[in-house]
């Protein structure tokens, strides 16, 4: 006695093709949402210094102290924060948010083109400016959220492909 098993691969192949078509767009959207989350995390750690009017012109509320590496980056004009957060504002045009396909991979790029963005993130020894990173710590802190978000996106693709 023999048993013959025949598997029709047509449905499986169609499902796989649908999965391959949907997945890149779903992951692209997930990466954009992840960058939104990172931007919020980066900016929420930047305390605002309130401008005050006083004798001798405009100043800032609070006591100035020597800045050391790792200090929080203050929001003075909001230009850097807006470039990270709001792509629709005037300063948002200075923001960098791209998801590009490189072969089989998707790569996400995020940052700011404001003239002082890199100097604050990495420091600028020529100007005695210590590093006060805002973006890399936000990325590290957001990692669990990003993985959960991308897993959710993949689960949606699998559910729609089935």
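The values are calculated or read from the model by the stated rules, or taken from the named source; none is laboratory data. Here the structure is a predicted model, which is why all the values come from computation and not from measurement. Neighbour counts are summed over all protein chains in view; Cβ atoms, including those assigned to glycine, are modelled from backbone coordinates with ideal geometry.
The table that follows gives values for the structure above.
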| read-out | value |
| --- | --- |
| Residue that is nearest to residue 23 (Cα to Cα) [pool: residues in region 92-132 that are in contact with a strand residue (DSSP E or B) (Cβ under 7 Å, 6 or more places away or on another chain) and part of a helix (DSSP H, G or I)] | 94 |
| Members of region 99-109 found to be within 11 Å of the chain's Cα centre (by Cα) and farther than 9 Å from residue 31 by Cβ, listed by number | 109 |
| Pick from region 133-149, criterion over 12 Å from the mean Cα position of the chain (by Cα) and part of a helix (DSSP H, G or I), ranking: surrounded by the fewest Cβ atoms within 10 Å (Cβ to Cβ) | 144 |
| Output for region 126-146, where each listed residue is at pLDDT below 90 and farther than 22 Å from residue 45 by Cα | 127, 128 |
| Some residue of region 150-160 being at pLDDT 90 or above, in a helix (DSSP H, G or I), surrounded by 11 or more Cβ atoms within 10 Å (Cβ to Cβ) and within 14 Å of the chain's Cα centre (by Cα) | no |
